[in-house]
Amino acid sequence: MSGGRAMKEREFKDTHVVLGSRWQPECFYVREFLQRNQLKYVLAEPARGISREIAKRCGDVPVVITPKGDQIVCRDGVGSLAEHLGMKTQPAGGKYDLAVVGFGPGGLQAGIYGASEGLRTLAIDRVGPGGQAGTTSRIENLMGFPEGISGPELARKSAEQARRLGAVRTTSRDARYCTCTRGYLQETRRARYR
């Protein structure tokens with residue numbers, strides 16, 4: 001194997017390939033999901049060859065080819081992709097003491113505090129941990145980080161801390177509204193949490 005080819009294979013070893021148009025909203029959402037979950041990807045617009053054949057078969061729906069070669073058609077947004085990657089899209093049954101909607105910096109902190117106090121904590125997020133801050137190259141104004149910290153590193157460390165303390169995170173869920181009845185009920189597009 002030539003040195004250039006071996007280097008290219010190492011470079012793309014753990015990389016997902018997203019087939020779709022950079023201008024397509026659904027494709028943007030898939031790319032945002034992969035980025036916020038710190039998964040490497042490349043965008044391949046379906047111009048010719050195998051990507052064109054797959055695009056013909058799937059229409060305007062983005063397709064993700066995993067590093068193992070699996071093809072995930074993202075008809076339902078990123079739900080099937082998240083499940084295929086082993087991410088929780090549904091919480092374990094039972095009741096939760098605290099539901100955190102959104103896992104940006106504030107949601108991450110709420111999840112950490114709730115779980116550290118022994119509350120059964122559920123965090124619901126549409127894309128991935130960190131919110132917009134999770135994509136920032138450097139955060140300089142955060143207490144406890146005098147040298148600053150990158151957004152992805154903050155998101156990764158905070159999500160890991162929340163998980164270690166017992167917070168349960170589900171991804172690819174849009175929260176529509178919250179209602180209070182006899183217990184607290186968090187209702188989302190595809191699931192109900194009590």
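Kirkwood radius and radius of gyration were both taken over the C-alpha atoms of segment 76-117, and their ratio Rg/Rh is 1.04.
For K68, the shell of other residues with beta-carbons less than 12 Å away shows a net charge of -1, using +1 for Lys and Arg and -1 for Asp and Glu. Put in order of Cβ neighbour count within 10 Å, fewest first, the listed residues K95, K68 become K68, K95.
Just rank Y96, Y29, fewest to most, by other beta-carbon atoms within 10 angstrom.
Ascending number of Cβ neighbours within 10 Å: Y29, Y96.
Put simply, when 13-23, 114-124 are sorted by average Cβ atoms within 10 angstrom per residue, most first, you get 114-124, 13-23. Modelled spin labels at K88 and Q109, positioned 7 Å past Cα toward Cβ, are 2.3 nm from each other. Here the calculated FRET efficiency for F145 and E26, from their Cβ-Cβ distance with R0 = 30 Å, stands at 0.25, rounded to the nearest 0.05.
All of the numbers you see were taken from the coordinates with simple rules; none came from a lab. Keep in mind the model is a prediction, meaning the values are calculated, not measured. Virtual Cβ from ideal backbone geometry, glycine too; neighbours counted across all protein chains shown.
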